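To keep things clear, I will list the structure first and then write my remarks on it.
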Amino acid sequence: MTDKDNKGGRPSIGKQVSVTIPEPILDQVDAMAKTADATRADVLREIVVSGVRARTGPGDSPMETTLAPIAETMATWIGSNDAEKVTGRFRLFRRLAPNPYKLAKLFQTAYGQLVLDGHHPSIPSPAALDLVTSKGHDGWRSRTVLFFMTINTLIDRGISVRADADDDDEIDFGPKPEDDEPDYA
């Protein structure tokens with residue numbers, strides 16, 4: 001659609017879509033709009049754009065950008081201070097990374113310890129925390145990407161982890177994503 005085809009007088013920036021939103025959610029959107037001194041449409045547009053960017057699949061830079069503060073924090077915690085603790089911390093991360101609840105708890109512990117040790121780790125966005133703590137396919141994929149991003153960060157920093165006899169510990173994968181759950185909404 002060109003500007004001259006648009007009889008409304010405003011330039012066209014995309015396709016208009018219609019959706020039904022439950023009243024309680026719409027009330028929250030209206031409150032956000034009022035606080036931001038924005039229109040309902042502006043807030044809805046921002047929510048949709050942020051949601052799509054946060055849920056982009058593995059290998060795409062938006063997900064990697066979203067998860068980077070968590071990967072950086074975990075790599076810093078694993079490799080910080082006592083070299084004797086590197087392997088134990090990595091093994092703990094490896095064991096708990098697939099479980100949404102236990103990973104969140106570990107991240108809080110790691111973040112807090114880094115602050116106590118004088119580090120200033122990046123604060124992850126709520127979208128990043130939602131990605132790694134959600135259940136189902138999105139959460140499973142996000143935690144997998146986070147795991148490999150953390151390992152790559154350790155490698156880039158030259159932090160090595162030694163293998164030991166306990167490396168065959170069972171990994172706690174937490175809730176299983178539904179195999180027959182469709183990948184679309």
Exercise. So what are the ³J(HN,Hα) numbers for segment 34-42, from phi and the Karplus equation (6.51, -1.76, 1.60; θ = phi - 60°), rounded to whole Hz, Gly and Pro as x?
Worked result: 5, 4, 8, 6, 10, 8, 4, 4, 5
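What length, rounded to one decimal in nm, is gained on full extension from A38 through to D156, with 0.36 nm per residue of separation minus their alpha-carbon distance?
Working: separation 118, 0.36 × 118 = 42.48 nm, distance 4.28 nm.
Net length gain for the segment: 38.2 nm.
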For this session: Please work out the average accessible area per residue across segment 81-131, using the 1.4 Å probe convention, and give it in Å².
Result: 56 Å²
For this session: Determine the distance separating the Cα centre of segment 135-166 from the Cα centre of segment 60-83; give it in Å without decimals.
Result: 9 Å
For this session: Using R₀ = 35 Å, calculate the FRET efficiency as 1/(1 + (r/R₀)^6) where r is the Cβ-Cβ separation of K105 and V48; round to 0.05.
Result: 0.70
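The values are calculated or read from the model by the stated rules, or taken from the named source; none is laboratory data. Please read all numbers here as calculations on a predicted model, not as lab measurements. Backbone-built Cβ (ideal geometry, glycine too); neighbour counts: all protein chains shown. Accessible surface is based on the protein model in full, side chains and every heavy atom, while ligands, DNA and RNA are left aside. Shrake-Rupley method; radii C 1.70, N 1.55, O 1.52, S 1.80 Å.
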